[in-house]
Amino acid sequence: MKASELTQIGLLCALAAVLGYVEALLPPFVPVAGFKIGLANIAVMYGLCRSGAKQAFFIMLVKVIITSIWFSGLNTLIFSLFGGVLSWAAMMLATRVKMSRIGVGMCGGVFHNVGQLAAACIVLGTRASLWFAPALLPLGLVSGAVVGAVTGTALKYTEKI
């Protein structure tokens, strides 16, 4: 791996941590347990589009570990990890089938929520958390569209760098 690629990945990991911090400072936008905009996913999606799937997976892992430990606590690590892995996989597949940036972001947002709901079912040993799905999945579409739009704009303006 070239030094420039390693530097870019390091910067994206740092950006994910900063965006996670900014998001932790924001008040909840909607009264739905577990919902966040997912600003740190901008760094993951940018890494996926710019550097590739393996690098984006690493960025996602760093994002999950840092944001869970610093801002949420270790008890949320499993939820973030399930959501992050499913989100990464969905965005990777959506990128491969040439979806728009907004479509890729929407896939990532929805599957992040699906992963968190799956983790909740496993941890709690019940499917009761699935009652949150009708609220979380549409919110995942909206937040994913925002992440996709911001990432698309960032890619457009950094294309020549």
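Once the Cα-Cα distance is subtracted from the 0.36 nm per residue extended length, the Leu141 to Val97 segment shows a gain of 14.0 nm.
Sorting the segments 140-147, 1-8 by their mean number of nearby beta carbons within 10 angstrom, highest to lowest, gives 140-147, 1-8. For the stretch 127-140, putting each phi into the Karplus relation 6.51 cos²θ - 1.76 cosθ + 1.60 with θ = phi - 60° gives couplings of 8, 4, 5, 5, 5, 7, 4, x, 8, 6, 5, x, 5, x Hz, in residue order, rounded to whole numbers and with x for Gly and Pro.
Full extension of the chain between Lys160 and Cys121 yields a length gain of 9.6 nm, computed as 0.36 nm times the residue separation minus the alpha carbon distance. In a reduced charge model with +1 at each Lys and Arg Cβ and -1 at each Asp and Glu Cβ, the stretch 3-157 shows a dipole moment near 320 debye about its Cα centre. Only one item in (1) 16.1, 50; (2) 15.0, 50; (3) 15.5, 46 matches Rg and Dmax of the Cα atoms in Å derived from the coordinates shown, and that item is (2).
Taking other residues whose beta carbon is less than 15 angstrom from the beta carbon of Ser72, and scoring Lys, Arg as +1 and Asp, Glu as -1, yields +1. Sorting Trp131, Trp88 by the number of Cβ atoms found within 10 Å of their own Cβ, with the fewest placed first, yields Trp131, Trp88. Please compute the net charge surrounding Leu19, taking Lys and Arg as +1 and Asp and Glu as -1 over other residues with Cβ under 14 Å from its Cβ. Taking every Cβ under 14 Å from that of Leu19, the sum is +1.
Ranking Gly144, Gly52, Val32 by Cα position along the charge dipole of the stretch 3-157, where only Lys, Arg, Asp and Glu carry charges on their C-beta atoms, puts Gly52 farthest toward the positive end. With both labels modelled 7 Å from their Cα along Cα-to-Cβ, the Leu130 to Thr153 distance reads 3.8 nm.
Laboratory data are not the source of any read-out in this text; all were calculated from the coordinates shown. This structure is a prediction, so every number in the text was calculated from the model and none was measured. Every residue, glycine as well, gets a Cβ built from its backbone with ideal geometry; the counts of neighbours run over all protein chains shown.
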